[in-house]
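K.L.:
Below is one structure. I have some questions about it.
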Amino acid sequence: MLINNYTLHSYAVRKYLVAVFIGLMSQVALSQNKCPIRSDIYYINGVNKPSEWEVRLQSNILKVTVDKLAKNVSGIRNVTYLYNESDGFLLDIYEYAAQKAVERNAAVTDLFLSFGLTALGYVSTITDADQLAVRQRVAEVINRDLPPKTQQQISEFSERVNQSSLSAGVQAVLVPHSQGNLFANSVVDTLKLSEPAERFRGLGVVNVASPTYNAPSGLHVTLRQDFVIQDAALLALATGKLPPLAYNFDAPGANEVDPKSMTGHGFTEAYLSEKIPTGTVSANSAAAFLVGKIDTALKKTSTFYDPPSWIFDAQGNKVPKPPGYPVDSTVTRVCFPGPVGGAI
Amino acid sequence: MKKLTITAMLIVVNLLVACGGSSAPPQSPASATVTAVEKINGIVVPPDPGATKDDTVAGIDTDNNGIRDEIDRWIATQYGSTPGTAEAIGMLAKVGQKLMLSSPKTKTEALNIAYESIDTGGCVGDKLMKDNINAGSVFNELMLRTYNTKARINARKAVFELAGMIIRNVNDNTIICPYE
């Protein structure tokens with residue numbers, strides 16, 4: 001009893017306990033500072049998604065899937081989508097249908113619907129030859145160069161990724177699908193040129209169903225069963241272009257998950273499907289394989305807190321930050337640098 | 001006898017008038033309702049708009065529910081047998097038509113209708129997925145049916161051109177989703 005009283009009330013012991021408490025709290029604070037509190041994933045849709053509805057739903061599904069399957073995404077997982085009205089896909093298909101309609105003296109709208117549905121992977125009443133022609137047309141569309149207007153959008157989007165994520169010390173992973181890959185790769189090129197290497201290390205890309213040959217982070221997912229990319233490869237061969245990235249995931253049944261999604265190219269239908277049985281790789285679904293790539297991108301990227309050296313003045317102009325300007329407490333943290341060169 | 005004859009004639013005249021015996025066609029409210037109502041999968045649908053359905057951007061919407069008649073009929077035919085699904089797809093069809101006819105004048109107006117459409121897509125998509133329906137297929141088909149002429153495609157394109165590139169977090173929302 002005497003010993004207990006002595007132990008509990010001794011000034012020295014209390015001092016020791018306080019020191020231990022402070023030490024523990026410091027460790028907690030330090031560990032919070034060391035790790036990213038947020039990971040930003042940017043989904044960039046492909047040209048074959050004419051619907052803003054679907055882009056929103058795909059982003060919802062991507063968020064749910066990442067939350068469920070990702071192992072290295074710590075803290076808040078933000079999914080941001082870019083909706084870029086498909087520049088001409090619908091019109092392109094429409095014009096193609098119109099041309100065919102004139103040839104056959106048929107109703108344009110009927111053919112448009114039929115061709116549009118086929119292009120999106122639906123079973124259609126048009127002939128096999130026409131279905132093949134439509135797929136090849138889609139392959140042409142996703143392979144073509146980005147229009148000039150898009151260059152402005154690439155700058156705008158790059159600025160957004162930089163301001164919202166990279167310069168705030170947050171890792172960012174771009175997840176483009178189909179033609180969105182051309183856009184995403186250009187965003188990477190833009191940021192690589194404009195940003196310091198330390199900040200650029202926070203950026204990664206996982207190229208999904210890419211019609212291009214370039215994977216800036218060395219991370220891509222292409223299904224063996226993706227007919228659209230197969231057509232794009234044939235087209236590249238025929239026109240002397242470099243072929244798209246080779247398939248790296250065998251998903252038998254990718255074209256049969258839904259009888260109406262037979263292209264094997266859909267972002268959610270094929271690439272985010274958890275139902276597709278695996279073929280040759282260890283991950284047990286296309287979704288797990290894709291999220292695994294996002295995980296890898298986050299492992300490879302690294303960020304550091306790099307607050308901007310400017311502030312906005314009362315008139316909204318950027319002015320140099322005065323000495324002693326208080327640190328923004330909402331983003332104050334330090335993330336240790338990752339491997340040299342980062343993900344890119 | 002004369003009185004009786006006059007009375008009988010009056011009754012006949014009354015009956016003729018009551019039965020529409022004049023030059024105007026018969027207008028029984030009950031029979032008009034019976035002939036106008038058509039149901040597909042138990043859902044009341046507007047009449048088939050016929051060949052003129054694509055003559056204007058707005059198309060034909062005889063029941064004024066914000067959805068073109070041929071699309072109302074398609075929804076009832078394809079999804080009318082699944083309770084709740086037809087209503088959800090109707091919500092999407094309505095916002096698609098609204099966007100097409102919105103003719104926004106400013107970027108803010110364009111963004112407002114674009115956000116409403118986007119968020120309705122997220123709401124209805126989640127509902128369809130819960131119902132084990134391939135939302136992507138429904139979206140694509142409805143999109144192609146809604147924007148099935150060059151004029152309609154251009155009307156939609158004009159909205160998104162004015163709105164510009166949209167960068168948005170999945171947690172942002174502008175509508176109250178009835179299915180959450």
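The values are calculated or read from the model by the stated rules, or taken from the named source; none is laboratory data. Keep in mind that what you see is a predicted model, and the values were worked out from it rather than measured. Cβ atoms come from the backbone with ideal geometry, glycine included; neighbour counts cover every protein chain shown.
K.L.:
Which number in (1) facing another protein chain (nearest Cβ under 10 Å); (2) closer than 23 Å to B:Ile60 by Cβ; (3) surrounded by 18 or more Cβ atoms within 10 Å (Cβ to Cβ) marks the one condition that B:Lys150 misses?
P.N.:
(3) is the only condition that B:Lys150 fails.
K.L.:
B:Gly90 versus (1) in contact (Cβ under 8 Å) with a residue 60 or more places away in the chain; (2) surrounded by 16 or more Cβ atoms within 10 Å (Cβ to Cβ): which is the lone unmet condition?
P.N.:
All conditions are met except number (1).
K.L.:
Just to be sure I understand, how many residues within the stretch B:45-94 are closer than 15 Å to B:Val124 by Cβ, of a type in the set (Gly, Ala, Ser) and within 14 Å of chain A (Cβ to nearest Cβ)?
P.N.:
The number of residues fulfilling the criteria is 3.
K.L.:
Taking only pairs six or more apart or across chains, which ones have beta-carbon atoms under 9 Å, a first residue in the stretch A:197-213 that is part of a loop (DSSP other than H, G, I, E, B), and a second residue that is of a type in the set (Phe, Trp, Tyr)?
P.N.:
A:Arg201/A:Phe304; A:Gly202/A:Phe304; A:Ala209/A:Phe267; A:Ala209/A:Tyr271
K.L.:
B:Ala155 - would you say it is in contact with a strand residue (DSSP E or B) (Cβ under 7 Å, 6 or more places away or on another chain) and away from chain A (no Cβ under 11 Å)?
P.N.:
Spelling it out, it is not the case that B:Ala155 is in contact with a strand residue (DSSP E or B) (Cβ under 7 Å, 6 or more places away or on another chain) and away from chain A (no Cβ under 11 Å).
K.L.:
Taking B:Thr77, is it surrounded by fewer than 17 Cβ atoms within 10 Å (Cβ to Cβ) and assigned to a loop (DSSP other than H, G, I, E, B)?
P.N.:
For B:Thr77, the condition - surrounded by fewer than 17 Cβ atoms within 10 Å (Cβ to Cβ) and assigned to a loop (DSSP other than H, G, I, E, B) - is not met.
K.L.:
Applying the selection to the stretch B:95-123, what residues are in contact (Cβ under 8 Å) with a residue 24 or more places away in the chain, within 13 Å of another protein chain (Cβ to nearest Cβ) and of a type in the set (Gly, Ala, Ser)?
P.N.:
Within the stretch B:95-123, B:Gly96, B:Ala110, B:Ala114, B:Gly121, B:Gly122 qualify.
K.L.:
Restricting to the stretch A:59-84, name every residue that is within 27 Å of B:Leu162 (Cβ to Cβ), modelled with pLDDT of 90 or more and not in a strand (DSSP E or B).
P.N.:
A:Ser59, A:Asn60
K.L.:
Which residues, taken from the stretch B:124-147, are within 9 Å of chain A (Cβ to nearest Cβ), in contact (Cβ under 8 Å) with a residue 40 or more places away in the chain, under 19 Å from B:Ile175 (Cα atoms) and within 21 Å of the chain's Cα centre (by Cα)?
P.N.:
Within the stretch B:124-147, B:Val124, B:Leu128, B:Phe139 qualify.
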